Structure formats: C-alpha cells, structure tokens
Amino acid sequence: MIIQYQTTQDKLWQTIEKQNKLYRNQKKLVVDSSETYQTMLGFGGAFTEAAGYTFAQLSKENQDKILKAYFDPVVGLGYNLGRVSIHSCDFSLGNYTYVEENDETLETFDIKRDYDYVIPFIEKAEEVAGKKMKILASPWSPPPWMKTNGEMNNGGKLKEEYYQTWADYFVKFVDNYKAIGKDIFAVTVQNEPAAKQIWDSCLYTKEEERDFVKNYLGPTLKKAYPDIHIIIWDHNRDIIVERADAVLSDKEAREYVWGTGLHWYVSEEFEKVGKVHELHPDKHILFTEGCIEGGVHLGAWHTGERYARNMIGDFNNYCEGYIDWNLILNEIGGPNHVGNYCDAPIIGDTKEDKIHFNSSYYYIGHFSKFIQPGAKRIKHTLEDDTIQTVSFINPDKRIVTVILNETEDDKEITLEMDGEQQVVTLASRSISTFIKE
C-alpha cells in the first residue's frame, strides 16, 4: 500500500486517501529499490548561541513545543544531527574565544561561555530525542592574536606560527565537549574559508587548507581522537569542485579527510556536488549550512520550497544529510552581533512569548520525519521535468518518495514503487511524501 502525505499553503500534513488505479496517459514516476546509492546520516540544525538565547527567553510551555517539534522522534522532525560553533560566530551575542589573550599554551582553555545557552539547549534536545545528538563543530575564526589582521572579524588569515596551536585548540574543544557527554562526530576546518565577512571569519586558499589538514589538524586530531571526522570546504557549491579536489587529490591530505561540506548560498549548481562524488567516490558529502537571508519571512511559502528544492538537488547528487542553520531565531531574525539577520524554520517572538512555524519547518519534515538514518537513496525514473523528486529505502524496508511541485498547476501522475502502481495528484505549490509499506 502507498500512503501519501501532502502539504499545501492551506493544508499542512494532510493524508491523501488512496486513489483508484486508473491507468490513463499520465506521465510516470518509477521508483526501483534494487539500485541503491549513498547512505543517509540524518537531519538537524545548529545550536548557535543566538538560538539558545532566544530559546531561553521563551516560556517553558513554548520551549517544550519547540523541543518536541524538532527532536521528538514520533511527533516531531526527529532531528539527530546538530552543529555548534567553536567559540563565537555571527549568531553569537558577541565575539569570544575559550582562552585568554596570547595564551599560546592554551592552559586557560574553558568552554564556560557555552554553558550559558548552547549546552543547556543541546541537553534538553537530547532528553526529548531520547538519544545523543551527532554534533558537527565548526570554527568561524581563530582567536585574534593567532591572525594576521589581529581581530576575529573581517577575514584575515591564520598565522603560520600558530598552525599547530590552532590544531591543538580543536582537540581541547573536543576534550571539553566529550567530558560532558557531547558527541562530536566531525569538525570542519573552517566555516566559509573563501569569504571575508564583517563578522567572525578567516580566509584559507585551497593550498593552505590542504596543508593545514595534512601537516597539522589531521595528524593532531587522529592522534587524540581517531574516530572524529574532518570535513573540508564547508562553503558554497560554486567552487566546491576545485576546492575539494585540491585537498582530496593530495595523497597525504586525503587520508585525514572524511568528506566535503557544502552551503547553499550563491548558486543551486547541484551537478557540482555530484562532480565531487564522481572524482572522489570513497569520500562523503554533507550539507552543513543553509538559511533564508534578509531577516524573518513569516508566512512565506517560497522559503519552504527553497529547502525542498535544495534537498532534492543535493540528495540526488550524493549528499548524505542536511544540517539547517539556526534552529530558532527571535522576532527580527537575531540576535546577531553584526546585524546579519536571517530566517529560521521556527521564530520565537520574545516580546510576545509566541512561536511561529515557517513553511520551511513543514518542508524539512517531509524528509526528516520519514527518511531514517541509515536509509539508502534508490533509483527513480521521472517523465515529468516540471516536478522534482528523490527516493530512499529505509532500514525497515519502507520506501520513501518525496515529490515537489513548484508549479501553479495540479499534477496527476502514475507513481510506481517497486511494481505497485497508483495514480496520484500533486496539488499546485505542494510537497508530498509517499510511503510504500
């Protein structure tokens, strides 16, 4: 039996009754689980200081709603992944590090700042999820004294004399998070290493990233924590091929690298994600950040469609999981210490103690609620190029197909899932998830 869940602008999470098997001349979508591709890690969002601070300003009733909405494995999105910044990022309340100024020994290393808002948020999420979050950790900038420009913001570079100290800093971070039971499953070398931002940022050329991984971060992390993965790039698709290939083509550097991280800003050139897989099929690909820029977009529908379109495009090109940016932001899309306000799937109005669920929340759910960690993407053949789709087979053998219809027209197609056929209707501007038991 095939079950359909559909979300449109006027109806969320509606279950569509099984339709008659009328075989007319509809275009066809054939899903075939005999051919499998990448294995899925899961879905999640970022536990930024801004998200944790916003969460803390809300009533316990609304906090509980948010936790269930994201992390409850039955009624929520079932998130199992998370991302944290290694000290501050733009979605922090200000610049900060874990050490005192010029402490080259790192003896003063202390994550006490994270105990204010970040760690409590993670702990509450894990309690609702009933399991540990798999956490990705990313730095936005080394401490100012390690950098050529002497500040955390506005780019600059890591001074060569501090390459080893900075690699040791990563290990100190993992030490401290592991000590409180937080599972750091991977680190990225640098968030957006090709972007000079007015907030916390640091520039690496492809050669600098390669050499830092090969000679410093790779050996240092492997010695201390051989099971923790290193993810390179952690930036946009536009130049992902040349940046990933520069590191992964180096015989020594690639031995330390688990895979490549990507963001969705600038372009939707999904084929470049697939090219990275083609060049290095033994390495992994993970979506590490994406959000809607320009402040809050309450009630907007195109925002959810952007999430679904990007997920489908990346998953069809060997991406293995999706980590959204801020889990929750306040009524203006912050706090952000340089005013770089953005949107989030859940907005917490801290003035009125209200929460708002954006379309992106529901669109993400059409994937995360049904595609289990360990699922494998499977083959599909689609005759209608006006809709977009991706399919998986879960560890429990259920087949999941997600179809996005961004057009203004209702679509009727014949859906065939491992031999079982059904005529289905895809409402205009809708997303549907089909489950074959």
(message) Please verify whether residue 283 is without any contact (Cβ under 8 Å) to a residue 40 or more places away in the chain, of a type outside the set (Val, Ile, Thr) and either in contact with a His (Cβ under 6 Å, 6 or more places away or on another chain) or crowded, with 17+ Cβ neighbours inside 10 Å (or both), treating the condition exactly as stated.
(response) yes
(message) If I ask for residues that are of a type in the set (Lys, Arg) and surrounded by 20 or more Cβ atoms within 10 Å (Cβ to Cβ), which ones from region 135-166 would you list?
(response) 147
(request) Name the single residue, out of those in region 356-381 being under 15 Å from the mean Cα position of the chain (by Cα) and hydroxyl-bearing (Ser, Thr, Tyr), that is surrounded by the fewest Cβ atoms within 10 Å (Cβ to Cβ). (result) 361
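To keep it simple, each residue is scored yes or no on (1) closer than 24 Å to residue 127 by Cα; (2) free of Cβ contacts under 8 Å to residues at least 60 places away in the same chain.
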| residue | (1), (2) |
| --- | --- |
| 53 | yes, no |
| 58 | yes, no |
| 65 | yes, no |
| 70 | yes, no |
| 73 | yes, yes |
| 90 | no, no |
| 93 | no, no |
| 96 | no, yes |
| 103 | no, yes |
(request) Please find, within region 57-82, the residue that is surrounded by the fewest Cβ atoms within 10 Å (Cβ to Cβ) out of those that are among the basic types (Lys, Arg) and over 28 Å from residue 397 (Cβ atoms). (result) 60
(request) May I ask you to list the residues in region 348-364 that are of a type outside the set (Phe, Trp, Tyr) and touching a Phe, Trp or Tyr at 6+ places or on another chain (Cβ under 8 Å)? (result) 348, 359, 360, 364
(message) If a residue must be under 23 Å from the mean Cα position of the chain (by Cα), within 23 Å of residue 41 (Cβ to Cβ) and part of a loop (DSSP other than H, G, I, E, B), how many such residues does region 383-408 contain?
(response) 2
(request) Look at region 133-176 and say how many of its residues are free of Cβ contacts under 8 Å to residues at least 60 places away in the same chain, in contact with a helix residue (DSSP H, G or I) (Cβ under 6 Å, 6 or more places away or on another chain) and over 20 Å from residue 218 (Cβ atoms). (result) 2
(request) Can you confirm whether region 7-24 contains a residue that is out of contact with any helix residue (DSSP H, G or I) (no Cβ under 8 Å at 6 or more places or on another chain) and either among the small types (Gly, Ala, Ser) or in the same structural domain as residue 284 (by TED's automatic domain parsing) (or both)? (result) no
(message) Please return the ranges of strands (runs of 3 or more DSSP E) entirely within region 283-355 where 3 or more residues are within 14 Å of the chain's Cα centre (by Cα) and not polar (S, T, N, Q).
(response) 284-289, 321-326
(request) Kindly indicate whether residue 179 is over 13 Å from residue 139 (Cβ atoms), small (Gly, Ala, Ser) and in contact (Cβ under 8 Å) with a residue 24 or more places away in the chain. (result) no
(request) May I ask you to list the residues in region 327-368 that are hydrophobic (A, V, I, L, M, F, W, C) and farther than 16 Å from residue 65 by Cα? (result) 332, 338, 342, 364, 367
(message) Tell me the residue from 112, 196 that is basic (Lys, Arg) and closer than 25 Å to residue 214 by Cα, please.
(response) 196
(request) Kindly provide the set of residues from region 37-56 that are closer than 13 Å to residue 320 by Cβ and either surrounded by fewer than 24 Cβ atoms within 10 Å (Cβ to Cβ) or β-branched (Val, Ile, Thr) (or both), ordered by number. (result) 37, 38, 39, 40, 41, 42
(request) Return only the number of the condition from (1) β-branched (Val, Ile, Thr); (2) farther than 30 Å from residue 361 by Cβ; (3) surrounded by fewer than 21 Cβ atoms within 10 Å (Cβ to Cβ) that residue 97 does not satisfy. (result) (3)
(message) Between 235, 277, which is assigned to a strand (DSSP E or B) and either at pLDDT 95 or above or over 23 Å from residue 171 (Cα atoms) (or both)?
(response) 235
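The values are calculated or read from the model by the stated rules, or taken from the named source; none is laboratory data. In this text the structure is predicted, and so the values were computed from the model without any measurement. We place every Cβ from the backbone using ideal geometry, glycine too, and count neighbours over all the protein chains shown.
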